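Enquirer: Structure below; questions to follow.
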Amino acid sequence: MCGIVGYAGGGGAREVLLRGLKSLEYRGYDSAGLALCGDRLHLLKDAGRVADLEVRIEHMTEAGTGIGHTRWATHGVPSQINAHPHTDCTRKVAVIHNGIIENFMELKSELMKGGHKFKSDTDTEVIPHMIEEELNKQQGMMDAFRKVVNKLEGSYAILAIIEGKNEIYFARKHSPLVIGLGRGENFLASDVIAFLPHTRCAVFVKDGDIGWVNSEKIYVEADGNKVERPFTNIEWSAEDAMKGGYPHFMLKEIYEQPDAVANTLLDARIEQLATELGHLKELEIVAAGTSYHAGLAFMYASDLKTRLLVSSEFRALYKGGDVLAISQSGETADTLQAVRQVRAVNGGKVFGLVNVNGSTLTRLADQTVYTHAGPEIGVAATKTFTSQLAVLYGIDAELKGKKIPTFDIESALRLNGEMKKLSIDMSRRQGIFYIGRGPSSVTAREGALKMKELAYIQAEAYEGGELKHGPLALIEEGVPVVAVCPNDIHRKKMIGSIEEVKARGGVPVVFGEAGDKELKAISDRFYGLPATDPFYSPLTYVVPLQLLAYHTAVLLGWDPDKPRNLAKSVTVE
Ligand code: M6R
């Protein structure tokens, strides 16, 4: 998703913005750009990587105020022209934007009738032209900006600057925006990571807020009235967001799982949420991607009457009731839209399970429980998935009066060397199947998702019992089938599924409990994992599958931290 960063200080805007943009790269992007504010505006933007801008930025004038953007294309192809910032006809106003302006066609044709010339295919470009139009009516920038924002429909986090003024104007609706407060300098960004090296003091901008910052002050208004927004002290350090000696963020994050899970399980809010959920007759769960898999794992473990809906389908299927929304980022547009739908129909209470403190979901939910996984930079969810599972299994254990489980992730991580070796074989395959039964069908789905999103290998997951209802037709000589087979009530039937695969020449790659002689005997590719509570096995069994996808991607020459076409936080529907 687009990333935005703004800086208002005494000088050094070039470097601050560049560094901020680099830290936002993890959100996924196809172009980048920045504008610096001096007696006139200086612009640099292009399709491609932030690193490509770095070599050209030295030729730009130094300034105290500026804005920067990483673009993830929605309207208009990735190109120099469509990259942000966008300017008005006079090139006095520059604007960056994350989100979608839904009424941009009407606004654009109105502006064109008035003689405005458009350079790009983006929805965003209407904003600087509208500001220009308002400024022509002899009013100040804040009045002009407010009038423009009030005409916009859709979702946005917008930053605007105007030549000769060291102020950044901002507005937010349904796209993340946070202010960082420094000494003699202030920041604006889609994510605190962009200003963590400078300050940990943040103000989360609310939906509907409009305002400005300069190096000394911030001003925020809502519904035309000045408002004070509370400060939050961000606990994450800048170092937390660095690679810490690992070649990729993803590998570092896989290895952080023992700590992330242990920290998460310490949160007393798990017990509180368990008490709340224990009083419910039914619970709807809504989530997307890996978070959806966490919800599915909870359904297998829990005795609660639950229903799980994919966020983007929620609107069509929701019939009312209390909802648990699961989201690492707390900014996934589909999931937020689902929660807004619950509110719109007065459907019930909303519980959030979120990693990012201060994110939109935490503000929309009636009650939030956090995973304490720290920042996850790799686009693929790893430590946040196992931390989500920790919360959900913690809730389940509370409700059943069981001891909160412990998870031997370290033993699972010891398979790293073997996964690296196995990745040599996997990297040569056109397609891979993943199977599991019961909770392990979730492990299979998550393993397959990791393989396709990182290594770009067609990876399909099925419940073991479903093989014979269709996919078995695709199993032939040499097709690898990853079988997740812990020591649970499904083990015998899984052995049956593995035999079905072997009978057709498929190559089973089996993950089971260390020391399981029967499994070892049926496959020469057997990998042993520690004994686990059978209902909670996905939390440890997913670890080698994350490692396998990681090594396969690296071997094939792909960047596992930034898979193509994907974004960390999907803030459009
Ligand atoms: O931030 P969220 O948990 O709401 O994100 C949902 C999905 O976009 C996310 O889990 C996605 O599937 C991951 N990149 C998969 O690794």
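Enquirer: On a 0 to 90° scale, report how tilted helix 333-344 is relative to the longest principal axis of the chain, with both axes built from alpha carbons and the result rounded to the nearest 10.
Expert: Here the helix axis deviates by roughly 80 degrees.
Enquirer: Same structure again: Can you put Arg56, Arg200 in order, fewest other beta carbons within 10 Å first?
Expert: Going from least to most buried by this count: Arg56, Arg200.
Enquirer: Here is a follow-up. Under a Cβ-only charge scheme (Lys and Arg +1, Asp and Glu -1), can you give me the dipole magnitude of the chain about the Cα centre, in debye to the nearest 20?
Expert: Here the size comes out at about 380 debye.
Enquirer: Using only alpha carbon pairs under 8 Å that are at least six residues apart, calculate the relative contact order of segment 184-299 and give it in whole percent. Can you show the working numbers first?
Expert: On the way: 76 pairs, mean separation 21.0, N = 116.
In percent, rounded to a whole number, it is 18.
Enquirer: Taking Cα pairs under 8 Å and at least six residues apart, what relative contact order does segment 315-465 come out at, in percent?
Expert: 14
Enquirer: Further question on the same structure: Highest first, please rank the peptides 418-425, 388-395, 192-199 by the mean number of other Cβ atoms sitting within 10 Å of their residues.
Expert: 388-395, 192-199, 418-425
Enquirer: List, in order, the whole-Hz ³J(HN,Hα) value for each residue of segment 160-177 obtained from phi through the Karplus relation with A = 6.51, B = -1.76, C = 1.60 and θ = phi - 60°; use x for Gly and Pro.
Expert: 9, 10, 9, 4, x, 10, 8, 10, 10, 9, 9, 8, 9, 8, 6, 9, x, 7
Enquirer: Sort 317-326, 288-297, 403-412 by packing, meaning the average of other beta carbons within 10 Å per residue, with the highest value first.
Expert: On the way: 317-326: 19.7, 288-297: 24.9, 403-412: 16.9.
With the highest mean Cβ count within 10 Å placed first, the list reads 288-297, 317-326, 403-412.
Enquirer: Starting from the alpha-carbon convex hull of the chain, give the projected area averaged over all orientations, in nm².
Expert: Computing the convex hull of the Cα atoms and averaging its projections yields 26.2 nm².
Enquirer: Distance from a point 7 Å along Cα→Cβ of Leu556 to each backbone N in segment 423-454: keep the residues under 20 Å and list them by number.
Expert: It comes to 423-435, 444-454, nothing else.
Enquirer: Still on this structure, please answer the following. Sorting check: for 172-182, 434-444, which peptide has the highest mean count of neighbouring beta carbons within 10 Å, and how do the rest follow?
Expert: Most protected by this proxy first, the peptides run 434-444, 172-182.
Enquirer: Okay, helix-only estimate at 222 nm for the chain: each DSSP H run of n ≥ 4 adds -39500 (n - 2.57), divide by all residues, round to 500 deg cm²/dmol; what do you get? The partial results should precede the final answer.
Expert: Working: 19 runs with 198 residues, N = 573.
One gets -10500 deg cm²/dmol as the mean residue ellipticity at 222 nm.
Enquirer: In debye, nearest 20: dipole of segment 243-404 around its Cα centre with unit charges on the Cβ of K, R (+) and D, E (-)? Write out the running numbers ahead of the final one.
Expert: Working: 16 positive and 17 negative charges, 45 e Å.
Rounded to the nearest 20 debye, it is 220 debye.
Enquirer: Between the alpha-carbon centers of segment 420-454 and segment 250-276, tell me the distance in whole angstrom.
Expert: Between the Cα centre of segment 420-454 and that of segment 250-276, the gap is 25 Å.
Enquirer: In whole Å, what is the distance between the alpha-carbon centres of segment 158-226 and segment 326-351?
Expert: 25
Enquirer: Also, quick follow-up: Under 12 Å from the Cβ of Glu58, count the other residues' Cβ atoms, weight Lys and Arg +1, Asp and Glu -1, and hand me the total.
Expert: -1
Enquirer: Note the angle between two axes, namely the Cα long axis of helix 383-400 and the longest principal axis of the Cα atoms of the chain, as a number of degrees from 0 to 90, rounded to the nearest 10.
Expert: With both axes taken from Cα atoms, the answer is about 60 degrees.
Enquirer: Just want the ordering: Cys201, Cys485, from fewest to most Cβ atoms lying within 10 Å of their own Cβ.
Expert: Cys201, Cys485
Enquirer: Oh, and also: Taking only C-alpha pairs under 8 Å that are 6+ residues apart, what is the relative contact order of the chain in percent?
Expert: Working: 1312 pairs, mean separation 68.2, N = 573.
Result for the chain is 12 percent.
Enquirer: OK, next. In what order do Met250, Met105 fall by count of nearby beta-carbon atoms within 10 Å, going from fewest to most?
Expert: Met105, Met250
Enquirer: Here's something else I'd like to know. In debye to the nearest 20, how big a dipole does segment 110-191 give about its Cα centre with +1 on each Lys and Arg Cβ and -1 on each Asp and Glu Cβ?
Expert: Value, rounded to 20: 180 debye.
Enquirer: Still on this model: Report the one residue of Met419, Thr571, Pro439 whose Cα lies farthest in the direction of the positive end of the charge dipole of segment 408-573 (charges on C-beta: Lys and Arg +1, Asp and Glu -1; origin at the Cα centre).
Expert: Among Met419, Thr571, Pro439, the one farthest towards the positive end of the dipole of segment 408-573 is Met419.
Enquirer: Further question: Using Cα centres only, tell me the gap between segment 294-314 and segment 529-573 in whole Å.
Expert: With segment 294-314 and segment 529-573 each reduced to a Cα centre, they are spaced 20 Å.
Enquirer: Using alpha carbon coordinates only, what is the Rg to Rh ratio of segment 408-573, with Rh defined as the Kirkwood radius?
Expert: So for segment 408-573, dividing Rg by the Kirkwood Rh gives 0.96.
No lab work stands behind these numbers, since they all come straight from the coordinates. Just so it is clear, the structure is predicted and the values come from calculations on it, not from any experiment. Cβ atoms come from the backbone with ideal geometry, glycine included; neighbour counts cover every protein chain shown.
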